[in-house]
Every structure is written in structure tokens, then in C-alpha cells.
Amino acid sequence: GQARVGKTTLAKWISEYAYNNKYTPVIVPFAAALKEEAAKKGYTKDTNQEEYREFCQTLGSTMREQDPDYWVKQFRIKIKKLYEEEQAALKADPSIWHEKVVIVDDCRYTNEIAAARDIRALTVFVSAGERELPEEFAEWRTHESEALAIAIETGNKQYEDMFHYTLKNSESEAAFKTKCQAKFEEWFHLLAESMLDDLC
């Protein structure tokens, strides 16, 4: 979904549900490596939001020009490490093992969606519906990182089957939370089914 549509809020609620159901939630953004680079330079979303966004968009685009899959490769390294840690923890002591649930809150490009599908992730598009987003006409919304979400929001049929689910966040936060929570049990059931082969 577009920036500030509610992706991170949804990720937080999924984390809470996972934790309350004896999973270990781990949030791993596709842009984790990019955010780490920003932090090294002193940019954070909380302290200097505009500079942070500009830095991330500029560095993100620069590296994608050199290699379109640069950030996806960084993401795959993090996922592989988590998988290895999971296997080691299960082997070390199955009695205290809690399965990890990886939550990604910033999928913005088609190659990121393809990478998610490769690891059998369940994908959810968060739509604003008719709701006006904060800074709807800000210049940074014209950046390539917003293009896919905007194309989907405006009805581009090329992308309509790309996600497993679409949720509209077009009312209050409380209404959106109720809508999301109604799906959690179904999502976790589907994820558990898709992972049975690995566990066996």
C-alpha cells in the first residue's frame, strides 16, 4: 500500500496476535538494510522524517539502478539467517521453541512481491479506498516507491491478482483494526498449512 496507509499499524497488530498465540513475531522490512544505512548517517523516521525519507528514496533508487534486486538480495540474506536460527533453536530444545512469524510491512516493488511469493508468504494490500491520506499531494509521493501502490489503487488490472488479500483502511483506525483482526485466524491457519512440508 501507499505510504501512511496503515501498513506498519497492521504489522504491529499481527505481531501482537502472533505473540498472544505463542509465536515469536519478527518484523523484517524489505528496506531493513536501507534503514540501517540511514541510521548510520543519523537519519531516523522519528527524529528527522523529511531528511530520512529523502535519504532512503535517493539511496534506494541509486542501488536499484545498479542492480534492481539489490535490496531484495539483502532481504533474502536476513530471511535465510532467521531460518537458520529457527532450525538451530528447534534442534537445541524443542520444548521451549516458539515458531517465528516474519512480518514485512513495506513491500513496494514487483520484485519484492515475487521474493515474498518465493518464500510462500501471504501477501496483503492495504488500500486507502476513498480516504485522503496525510500529505496526499506531497512531492515525495511521486517517487517510484509509490508507483505500484498508486497503480493498484487507481484500478490498474495488470496488478489485480498480485496479492492474496486486499483490505480497505477507509474508515476509523478502530474499524480497520476490527476488519484486520477478523482475518488473523484465517491467515495464520493458511500460513501453518503452507509450512507443513518444512516442519515434516
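The values are calculated or read from the model by the stated rules, or taken from the named source; none is laboratory data. Everything quoted here is computed from the prediction, not taken from an experiment. Because the Cβ atoms are built from the backbone with ideal geometry, glycine has one as well, and the counts that use them run over all protein chains shown. Ligands, DNA and RNA are excluded from the accessible area calculation, which covers all protein heavy atoms including side chains. Shrake-Rupley method; radii C 1.70, N 1.55, O 1.52, S 1.80 Å.
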Listed residues Lys40, Lys45; which is free of Cβ contacts under 8 Å to residues at least 12 places away in the same chain and touching a helix residue (DSSP H, G or I) at 6+ places or on another chain (Cβ under 8 Å)?
-> Lys45
For Phe137, all conditions in the list (1) part of a loop (DSSP other than H, G, I, E, B); (2) open to solvent by 60 Å² or more (accessible area, probe 1.4 Å); (3) over 29 Å from Glu50 (Cβ atoms) hold save one; what is the number of the exception?
-> (3)
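Yes/no per residue for (1) within 19 Å of the chain's Cα centre (by Cα); (2) at pLDDT below 95; (3) β-branched (Val, Ile, Thr); (4) part of a helix (DSSP H, G or I):
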site	(1), (2), (3), (4)
Trp13	yes, no, no, yes
Ala33	yes, yes, no, yes
Tyr43	no, yes, no, no
Arg53	yes, yes, no, yes
Tyr83	yes, yes, no, yes
His98	no, yes, no, no
Asp105	yes, yes, no, no
Assess whether Tyr70 counts as being closer than 17 Å to Thr110 by Cα, open to solvent by 40 Å² or more (accessible area, probe 1.4 Å) and hydroxyl-bearing (Ser, Thr, Tyr).
-> yes
Odd one out for Ala116 among (1) under 20 Å from the mean Cα position of the chain (by Cα); (2) of a type in the set (Gly, Ala, Ser); (3) surrounded by fewer than 18 Cβ atoms within 10 Å (Cβ to Cβ) = (3)
Check off (1) open to solvent by 30 Å² or more (accessible area, probe 1.4 Å); (2) within 19 Å of Val28 (Cα to Cα) for Thr62 and give me the number that stays unchecked.
-> (2)
Taking Arg4 as the residue in question, decide whether it is open to solvent by 40 Å² or more (accessible area, probe 1.4 Å), within 15 Å of the chain's Cα centre (by Cα) and either of a type in the set (Phe, Trp, Tyr) or at positive phi (or both).
-> yes
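Residues are listed down the side, and each one gets a yes or a no for (1) under 30 Å from Gln87 (Cβ atoms); (2) modelled with pLDDT of 90 or more; (3) open to solvent by less than 80 Å² (accessible area, probe 1.4 Å); (4) more than 18 Å from the chain's Cα centre (by Cα):
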residue: Ser172; (1), (2), (3), (4): no, yes, yes, yes
residue: Lys183; (1), (2), (3), (4): yes, yes, yes, no
residue: Leu190; (1), (2), (3), (4): yes, no, yes, no
residue: Leu199; (1), (2), (3), (4): yes, no, no, yes
Across region 78-113, the tally of residues that are open to solvent by 50 Å² or more (accessible area, probe 1.4 Å) and without any contact (Cβ under 8 Å) to a residue 24 or more places away in the chain stands at 15
